[in-house]
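For reference, the structure discussed in these notes is given below.
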Amino acid sequence: MVRSVSALICLLLSCIADRFQLRADGPPSPPNIIVIFVDDLGYADIQPFGARAYETTSLVRLARQGRCFTDFIVSSAVCSASRAALLTGCIHERVGFRGALGPESKLGIDARETTLAEICKSKGYATACFGKWHLGHHPKFLPQSHGFDVYYGLPYSNDMWPFHPAVLEAKKKDPNRKSFFPPLPMVEDSSVCDPEVTADDQKKMTSQYTQRAVDFIRANQSQPFFLYLPHSMVHVPLFSGPDFAGKHPNGPFADAVREIDWSVGLILETVEELKLTEKTLIVFTSDNGPWLSYGTHAGSASPLREGKGTAWEGGVRVPTIMQYQGVIPAGTTCDQFASTIDLLPTITRMIGADLPDLPIDGQDIYPLMVDDNARSPHASFPYYYADGQLLAIRNERWKLVFPHEYRSLAGVQVRNDGMPVEYLQQKIVSPELYDLDEDVGETTNVADRYPEMVAQLTDQANHWRKELGDSLQGISGSAIRPLAKIQPEDRLLIQD
């Protein structure tokens, strides 16, 4: 009897050890992948990261079943560049993206780049994208040309339409003023399915994206799938469906966030109903911080400094939750530094695929997902913005900010009607060093106290400058891969 009990204990310990080894080295089998990418959601805009003005019960549930990443950043605090980084695993500057592409653009993601969807396709995954694309809107740039089986959504931001706030403001002075944006199209696969999206259409978008996502999960429940859900909300102008619009006392922003939360809940319920929770990695994150100039129609990055369009943490640090039941420990937090560029190499490892042929910048963060003792794989990370300037560089703890001008709303009275206010232009005149472990709000420059860290980060910045350049110093960079351009023989989404 004693011998049999001892044998049973040994067997159990062996099973536990085997399970831990599987989790430490990789998942037990290639998981389904769901990436939910919200637009302009600030660090403090959901309950697990500090929101108190409204409830986000589905995201609280996701956090309880998964792991929150409290030091997770995007490559750039603006739309196109951030999305390019996520899907290619590269600092956006490496793959030629700067800022946000508009309807007049003839540029887009190059066919030589390998996207996360193409990596998943290489292992037999079904792939879909429902939502805002913004990596080029002509057919050669759209999702189906870059690894996605199906696509439905807006080709760029929902404010790039005839009712842009700047146009509405100008029409108060000149009623005959014409918009500088054409009608906003809705795209299905690689063709326009609705040439003129209206306000009523925008009210339906979050629900439509979500329903298509749920239908895709159901249709592919018996095979591996990659679902990319880049919501158009909570980018201004804010719209919500009838179940949410006007329902919260905190206004349209709370309504839009609560509908995103509902969307997450429906996806969680679908995954659970189909018994896929232990077969599915779910990643929830944002493309950049809040667009603060829109006042009450924007979110919050508290306690971080500034917001979208800046290299301060409020612009690039985003709320991130990952769930993979049985693999990622439930109800846990990771405070190690990581980024959206790390998703591609991490998922590549998890599904047993090959990395892209061209160099990438992302690192495998699977250990951060499963191990409390794991440390960030990044020695340094550069902060580039739309004009190719290297604005800052950081490591796990320290951040060095270089001289540059930036936009700020410090001391500015914002509005509550969905119209933006003008930023103040502020200037950094000499390098500033911040201890992000002790001063996440970047309030105290400690460069004079730690000259050795300033020197170390400056050396690392010079390494990045050689590869990716620095327009402020007139350095072009040796490893930048350009965007693709429309050629005369290429089909256009909408004829000029």
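The values are calculated or read from the model by the stated rules, or taken from the named source; none is laboratory data. Only a predicted model underlies this, so the values are computations on that prediction, with no experimental measurement involved. Virtual Cβ from ideal backbone geometry, glycine too; neighbours counted across all protein chains shown.
Remark: GLU104 falls outside the filter, which requires a residue to be touching a Ser or Thr at 6+ places or on another chain (Cβ under 9 Å) and either modelled with pLDDT of 95 or more or at positive phi (or both). Is there a residue being touching a helix residue (DSSP H, G or I) at 6+ places or on another chain (Cβ under 9 Å), among the hydroxyl-bearing types (Ser, Thr, Tyr) and farther than 28 Å from GLY441 by Cβ anywhere in region 382-390? The answer is no, given that none of the residues of region 382-390 is touching a helix residue (DSSP H, G or I) at 6+ places or on another chain (Cβ under 9 Å), among the hydroxyl-bearing types (Ser, Thr, Tyr) and farther than 28 Å from GLY441 by Cβ.
ILE365 meets the conditions (1) over 28 Å from GLY295 (Cα atoms); (2) hydrophobic (A, V, I, L, M, F, W, C); (3) not assigned by TED's automatic domain parsing to the domain that holds ALA81 in every case but one. The failed one is (3). For region 193-216, the candidate set comprises residues that are touching a residue at least 60 places away in the same chain (Cβ under 8 Å) and in contact with a strand residue (DSSP E or B) (Cβ under 7 Å, 6 or more places away or on another chain); within that set, the residue that is surrounded by the fewest Cβ atoms within 10 Å (Cβ to Cβ) is ARG212. Looking only at residues that are among the charged types (D, E, K, R) and in contact with a Lys or Arg (Cβ under 9 Å, 6 or more places away or on another chain) in region 439-476, which one is nearest to ALA298 (Cα to Cα)? In this case the residue turns out to be GLU442. The condition of being farther than 25 Å from ILE428 by Cβ, out of contact with any helix residue (DSSP H, G or I) (no Cβ under 8 Å at 6 or more places or on another chain) and surrounded by fewer than 22 Cβ atoms within 10 Å (Cβ to Cβ) holds for only one of GLY352, GLY326, that being GLY352. When residues in region 425-444 are screened for being farther than 15 Å from THR458 by Cβ, in a strand (DSSP E or B) and in contact (Cβ under 8 Å) with a residue 24 or more places away in the chain, 2 of them pass.
The set of residues from region 138-156 being out of contact with any helix residue (DSSP H, G or I) (no Cβ under 6 Å at 6 or more places or on another chain), buried (at least 19 other Cβ atoms within 10 Å of the Cβ) and not in a helix (DSSP H, G or I) comprises HIS138, LEU142, HIS146, GLY153, LEU154, PRO155, TYR156.
For region 210-248, a residue qualifies if it is over 14 Å from THR270 (Cα atoms), polar (S, T, N, Q) and over 20 Å from the mean Cα position of the chain (by Cα), and the qualifying residues are GLN223, SER240. Quick one: count up the residues across region 401-422 that are over 29 Å from LEU472 (Cα atoms) and of a type outside the set (Val, Ile, Thr). Qualifying residue count, region 401-422: 6. Taken together, the residues in region 385-422 that are part of a strand (DSSP E or B) and touching a His at 6+ places or on another chain (Cβ under 8 Å) amount to 1. Residues in region 266-276: is at least one touching a Phe, Trp or Tyr at 6+ places or on another chain (Cβ under 8 Å) and either assigned by TED's automatic domain parsing to the domain that holds THR296 or surrounded by 24 or more Cβ atoms within 10 Å (Cβ to Cβ) (or both)? The answer is no, given that none of the residues of region 266-276 is touching a Phe, Trp or Tyr at 6+ places or on another chain (Cβ under 8 Å) and either assigned by TED's automatic domain parsing to the domain that holds THR296 or surrounded by 24 or more Cβ atoms within 10 Å (Cβ to Cβ) (or both).
So, SER302, is that one part of a helix (DSSP H, G or I) and at negative phi or not? Taking the combined requirement at face value, the residue does not satisfy it. Regarding region 383-404, can at least one residue be identified that is more than 22 Å from SER339 (Cα to Cα) and surrounded by fewer than 15 Cβ atoms within 10 Å (Cβ to Cβ)? Within region 383-404, one or more residues are more than 22 Å from SER339 (Cα to Cα) and surrounded by fewer than 15 Cβ atoms within 10 Å (Cβ to Cβ).
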